[in-house]
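Here's the structure we're looking at; comments come further down.
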Amino acid sequence: MGTRNYKRKTSHSENGPGDGGRTGSWRVERPILDKSLCIPCKRNKEACFICWLFCPEIVISRTIPPKIDLEYCKGCGICAEECPTKAIIMVDEAEFSKEDKE
Amino acid sequence: MHIIEDGNAAAALGVKLCRANVIAAYPITPQTPLTEKLSEYVESGEMKAEYIPVESEHSAMAVCIAASSAGARAFTATSANGLLYMHEQVQWAAGARLPIVMCVVNRAVGAPWNVWNDQQDSISQRDTGWIQMYCADHQQIIDSVIKAFWLAEKVSIPIMVCYDGFLLSHTFMPFDLPDQEKVDAFLPPFRPAYALNPDEPASLNTVTLPDVRIDVHGELAHGYMEIRYLLQEELRASLAVAAEADKRFTEIFGRGGDPYIEPYRCDDADHIAVGLGSLTYQLRVSVDALRKEGIKVGVMGIRFYRPFPDEAIANALKGKKGVIVFEKALSYGYEGALASDLKSALYEHLAGTGRLPLVQNFIAGIGGREIRTDDLTQTLRAATQSRIAKEPTWIGLKL
Amino acid sequence: MQAKTTILSLPTEEFVHPGTRACTGCGLAIAYRVGLKALGKNTILVVPPSCLTVLQGLFPVASTKLPCLNVTFASTAAAATGILATLKSQGKTNIQVAAWAGDGGTSDIGLQALSGAAERGENFIYLCYDNEGYMNTGVQRSGTTPIGAITANTPFKGKLQQKKDVPAIMAAHHLSYVATCSAAYPLDLYDKIVKCKDMPGTKYFHIHIPCPPGWGYDPRYGIKVGRLAVETGYYDLYEIVNGEFKLTAASEKLVEKRKLVPVREYFRAQSRFKILTDEQIADIQNQIDAKWAAYYKKDE
């Protein structure tokens, strides 16, 4: 099947997620949230959300608790670095692949 | 209504009649009076359009590209180095399939600086994916501008309307000024397939991969090669659409016919002179003179250079002994581009007949060197008698 | 005066999809994301080739939810002009046109078209995201690469020339609004864009963008590095409203504090400055101190 009947004649892109593929596969370290340290979790109200603000990949939700979409999270670690209570730590992905194997 | 005006005014009046929405221009001789005229129409309120006095030709075409992408009927005009400076944008407009119309007021390119006429500027843009029309008089200029907007919007391909600097741009000639109602009947408002719009967002001209790729709806979309193939395919097919444009134009305005080529005394001729633009009308004088001597010669003007009307040209030259190509441009290092294209068309369509006309190539009027009709007559006479030279021969050279 | 936006009052609607091709920890991705929130849905974008071209996606997929015209490198501001002219001819007055270009596309190849558009007073927002080099082509020097930075084509000696002051060039066009911002201060960027939206003519933004591969730091430190540039007084956040210069946000606070972090800390956080000697750093520190002494004096 070719593209003869494709609706466009030019480079005309429509928006959707994952243009770069499942960018979670780029990750070397995985962010892990400790709810006991997370400010909105502890207070159980909208607060802080610095991780949400600075996430370059828009994979952290502004919810209680903040959820991290690992399908696309590239593991940059900015959330962990900027978290004022160190509630997010970066863990070597190898730990999880071991887990997956077990 | 018949009026007497110069060629640049003819072009400007055509653009006004076509109700262009956005005009962008940068001054360059001999184009300047055309866009000055448009700025007068816009500033006086005679024409409802946005006139952008940009800071370069590169930006002039950028404005047209963006305006057309946003749904406007866009126009610009330039000459010589201005056209060369826009080259990147010229390619872009074609690849983005935007129906921009641009007048190229033909002028020699530097170095050295020269403001006078030849056609090296537009010929050097031959391979950009634009349609190129060449005009031989003021009536053709205004009519071509009107036809160009219709054709460009029909096939989504930009068009250059080329006419000779000074020889046409700055000389006065009578021509018929079409009625606005008739132009409106001929040319409906521009309705693009897509125009940039927040309610229907799309990202245009994004990086496109060598291979095909699935889109967000799961359909297989083109790769770069398919998009470029479609440009070539639809450029070739636009010849037929140009004939349709000419037919509609003739119905409404009562003039037209011969959309691709303009033959003069060719039917019984043994030798045909071929060229682009005003030179072909000058050659008519030589043809008339030689006919009086009993030499059976005719002249054929080519109105569409891209897409190249190879079949129409070959058919018109079938059975002729010789073809004498006069050009105001050169593919440096070989010969005139038109001569090469013409030979290719003859080979393609007539090789099987076993009778290929002899093609000779003459270069004239480079950098505005005067082309004397006597010289043309002499050259034509000599070329009908024997093969003058294998290499392209320069007329009027004083080395 | 508009109230300062906080994390909690920042709109949650996103205009960029996750899963872009931007590098891990890309500073541009942060500024772009927040910048689009400020520009809003009724916006048409213009983008020349740059890192953003890659971030925005490859045909037929776009990662941005706003309409965007990709244009040639030198033509960004002229293309914005073409869209504005069309919107005007169509009587559409409620659509914002915004151009996002890199520092090469702004300070070098795109400067002529930008200057032309600004001089004509084209009514749009131009945002230069300055990662201080041609990062998309593999980290070559640009007009805004700072002195001393190693790039792919200043490989051993680092760049020998000063960074071009593009906001000052743009201010010389008598614009209604010129602002500097940083990816490390996204809320400041947000507020500045919202503030200038209804101002006449061309509005110019210069946004400092930390770039992990280009600057040589671990991606997790992107915000820290960006913040250090401001806290050391090396990169100043300011706005020029109708010719009136004013330090803003974190830079304004530095004037109150009268205390800068030593610039050495900024340089030592990045490998691109590794060849800077102590003498060179001291020299740059002196220049910074002189600049800030003038700021303090103005404040007195």
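Under 5 Å from the amide H of B:A221 lie the amide H atoms of B:R213, B:I214, B:D215, each residue being 5 or more positions distant or on a separate chain, with H modelled from the backbone and absent for Pro and chain starts.
By the helix-only formula, in which each DSSP H run with n ≥ 4 contributes -39500 (n - 2.57) and the sum is divided by residues, chain C has a 222 nm mean residue ellipticity of -10500 deg cm²/dmol.
Here's the list of lysines a cross-link from C:K65 could span, going by alpha-carbon distance under 19 Å and ignoring same-chain residues fewer than 8 apart: C:K37, C:K41. A straight Cα-to-Cα reach below 24 Å connects B:K321 with the lysines B:K292, B:K296, B:K343, B:K390, residues fewer than 8 places away in its own chain not being considered. Past 27 Å, Cα to Cα: identify those pairs from C:K203/C:K253; A:K74/C:K259; A:K35/C:K224; B:K48/B:K154; A:K7/A:K74; C:K88/C:K203, in the order given. A:K74/C:K259; A:K7/A:K74, as the Cα separations exceed 27 Å there. Counting only heavy atoms of protein chains, what accessible area per residue, in Å², does the protein assembly as shown have with a probe of 1.4 Å? Dividing the accessible area of the protein assembly as shown by its residue count gives 40 Å². Expressed as a whole percent, the accessible surface of chain B that belongs to carbon and sulfur atoms is 52, based on a 1.4 Å probe.
Scoring B:46-56, B:14-24 by mean Cβ neighbours within 10 Å over their residues and listing the highest first yields B:14-24, B:46-56. Build a GNM of chain B with springs between Cα atoms under 10 Å apart, and of B:N197, B:N81, B:N315 the one that fluctuates most is B:N197.
Each peptide among B:291-300, B:122-131, B:135-144 gets the average number of other Cβ atoms lying within 10 Å of its residues, and from highest to lowest they stand as B:135-144, B:122-131, B:291-300. Shielding of peptide B:67-77 by partners, expressed as the average count of other chain Cβ atoms within 10 Å per residue Cβ, is 5. In this label model, B:Q180 and C:E265 are separated by 7.0 nm, measuring between points 7 Å along each Cα→Cβ vector. Reducing region C:97-165 and region B:315-373 to their Cα centroids gives an inter-centroid distance of 49 Å. About its Cα centre, the dipole of chain B is roughly 1220 debye, where the only charges are +1 on Lys and Arg Cβ and -1 on Asp and Glu Cβ. Of the residues making up region A:55-78, those losing 50 Å² or more of accessible area when the isolated chain is joined by the remaining protein chains, with a 1.4 Å probe, are A:P56, A:E57, A:I58, A:R62, A:K74, A:C76, A:I78. To the nearest 100 Å², how much accessible surface do chains B and A hide from each other in total, with a 1.4 Å probe? That pair of chains buries around 1800 Å² in total. How many angstrom lie between the C-alpha centres of region B:52-68 and region C:1-70? Cα centroid to Cα centroid, the span is 26 Å. When the square roots of the Cα gyration tensor eigenvalues are ordered a ≥ b ≥ c, the ratio a/c for region C:172-300 is 1.5 or more and a/b does not exceed b/c, which makes its shape oblate. For C:K195, a cut-off of 13 angstrom between C-alpha atoms picks up these aspartates and glutamates, skipping any fewer than 8 places away in its own chain: C:E239.
A P(r) calculated from all alpha carbon pairs of region C:240-300, with 5 Å bins opening at zero, reads 4, 15, 23, 20, 16, 13, 8, 2, 0 percent. Check each residue of region B:27-65 and keep those whose accessible area, probe 1.4 Å, is at least 30 Å² smaller with all protein chains in place than in the chain alone; give them in order of residue number. Flagged in region B:27-65: B:E50, B:I52, B:E55, B:H58, B:A62, B:V63. Sort region B:262-394 into rounded, prolate or oblate with this rule: let a ≥ b ≥ c be the square roots of the eigenvalues of the Cα gyration tensor; rounded if a/c is under 1.5, and if a/c is not under 1.5, prolate when a/b is larger than b/c, oblate otherwise. Rounded, since a/c falls under 1.5.
Chains A and C together bury roughly 3300 Å² of accessible surface, counting both sides and using a 1.4 Å probe on protein heavy atoms.
Chains B and C together bury some 3200 Å² of accessible area, summed over both sides, with a 1.4 Å probe. Would you compute the Debye intensity of chain B from its alpha-carbon atoms alone, equal scatterers and no solvent, and pass along log10 I(q)/I(0) at q = 0.07, 0.10, 0.14 Å⁻¹ to two decimals? Those come out to -0.32, -0.66, -1.24, one per q. Nonpolar atom fraction for chain C, defined as the carbon and sulfur part of the 1.4 Å probe accessible area, stands at 56 percent.
Compute the Cα gyration tensor for region B:2-186, then decide on rounded, prolate or oblate, letting a ≥ b ≥ c be the square roots of its eigenvalues: rounded whenever a/c is under 1.5, prolate when a/b is larger than b/c in the other cases, and oblate in all that remain. Verdict is rounded for region B:2-186. B:A185: net charge of surrounding residues, Cβ under 12 Å, Lys/Arg +1, Asp/Glu -1, itself excluded? Taking every other residue near B:A185 into account, the sum is -2.
The values are calculated or read from the model by the stated rules, or taken from the named source; none is laboratory data. Fair warning: this is a prediction, and the values are worked out from it, not measured in the lab. Positions of Cβ are backbone-derived with ideal geometry, glycine not excepted, and every protein chain shown enters the neighbour counts. The protein model used for the area step is the full one, side chains on, heavy atoms only, and it has no ligands, DNA or RNA in it. Shrake-Rupley method; radii C 1.70, N 1.55, O 1.52, S 1.80 Å.
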